[in-house]
1. Any chance you could count how many residues in segment 78-98 are surrounded by fewer than 14 Cβ atoms within 10 Å (Cβ to Cβ) and part of a helix (DSSP H, G or I)?
2. From Gly144, Gly193, Gly133, grab the single residue that is on the phi > 0 side of the Ramachandran plot and not hydrophobic (A, V, I, L, M, F, W, C).
3. So which of Leu32, Leu65 ends up being out of contact with any Lys or Arg (no Cβ under 6 Å at 6 or more places or on another chain), modelled with pLDDT of 95 or more and closer than 17 Å to Ala205 by Cα?
4. Out of Ala9, Ala40, Ala71, Ala33, which single residue is touching a Ser or Thr at 6+ places or on another chain (Cβ under 8 Å) and among the small types (Gly, Ala, Ser)?
Amino acid sequence: MGGLFDHPAVQGGVAPFIVALVVAILLQRFNLAGFAIAAAFATVAYFLNGMALEPLTVTRKIILLGFAAAAVGFLADALFKPGRVLAAGLPVIGAGSAVWAFWTVLAQKPIGESALLGGGIAFYVGLMIAMLGALQTQPVRAGGAGLGLGLGTGGMAILGASASYGLFGIALGAGAGAFLLVQMISGRSTAAGALYAFPAALAAALLGAGVMLLAQLAWYALAMMLLVPAAAFLPLPRKRPLWLQSVVVSLYTLAAAVPAWVFAWQYSGKPGG
């Protein structure tokens, strides 16, 4: 049995999906199915990192921030209504956390380069959170965006020579897929909220930025990932069954991830990348 759980496909895909699906099914009636993202992320983190937090590496900071984002998202949903406070506050929190996550790497670079990289990463993370956050009241679109963002980031990371970050990204996609599948099976939408959108966007954005900094992923491959949440805004067949809408938005977002995969495959790790 141990050999089965040692397989990367199980650690990054199958196990996170099953755990997330169970969580989504159990919590859907309480409008807390968004915890599926945190459940999937926790599962892959356990397999790849265990319970260790020391030394506090970049990867472990990303893990901690993923869990913290779920807690912040839960509190935000409980205390605030979707509006300007969340729309502005969460991206700022995410951008600041990105600088903290990568500070040890940025501090080793010349001041000018460090400022450019740090500012660019903070902007990318904040924008990703804002885009996915704008979908938090539209669960089908949010589910499709999370699916494309997780699988897109995972595939980009693997092509960019970071297998472990690839598994983390795929696990996020598995969690989003579970969240979406529950809606498809039940035929009714379930709340996404900041509980779902904030950790999905923050974790995926940090993973992508980590691959750029640590594995020389081309910056323009990372930038192409912004097309994924944008694709979730495309028109859907509103009068069609929810399962069909879910399939359509998922196809949109997965197609939008293709340019990032192409750039990661062709140019990552090369001079000037």
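The values are calculated or read from the model by the stated rules, or taken from the named source; none is laboratory data. Fair warning: this is a prediction, and the values are worked out from it, not measured in the lab. Methodologically, a virtual Cβ is constructed for each residue, glycine included, from the backbone with ideal geometry; neighbour enumeration extends over all protein chains shown.
1. Selection size over segment 78-98: 7.
2. Only one candidate qualifies: Gly193.
3. None of the others qualify; the one that does is Leu65.
4. Ala33
Per-residue answers, yes or no, for (1) crowded, with 24+ Cβ neighbours inside 10 Å; (2) touching a residue at least 24 places away in the same chain (Cβ under 8 Å); (3) of a type in the set (Lys, Arg):
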{"site": "Trp100", "(1), (2), (3)": "no, yes, no"}
{"site": "Ile111", "(1), (2), (3)": "no, no, no"}
{"site": "Ser114", "(1), (2), (3)": "no, no, no"}
{"site": "Gln138", "(1), (2), (3)": "no, yes, no"}
{"site": "Ala145", "(1), (2), (3)": "yes, yes, no"}
{"site": "Thr153", "(1), (2), (3)": "yes, yes, no"}
{"site": "Leu172", "(1), (2), (3)": "yes, yes, no"}
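Residue-by-condition table, conditions (1) out of contact with any Gly (no Cβ under 7 Å at 6 or more places or on another chain); (2) of a type in the set (Phe, Trp, Tyr); (3) surrounded by fewer than 18 Cβ atoms within 10 Å (Cβ to Cβ):
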position	(1), (2), (3)
Leu214	yes, no, yes
Tyr220	yes, yes, yes
Ala223	yes, no, yes
Ala232	no, no, no
Pro235	yes, no, yes
Arg238	yes, no, yes
Trp243	yes, yes, yes
Leu251	yes, no, yes
Ala255	yes, no, yes
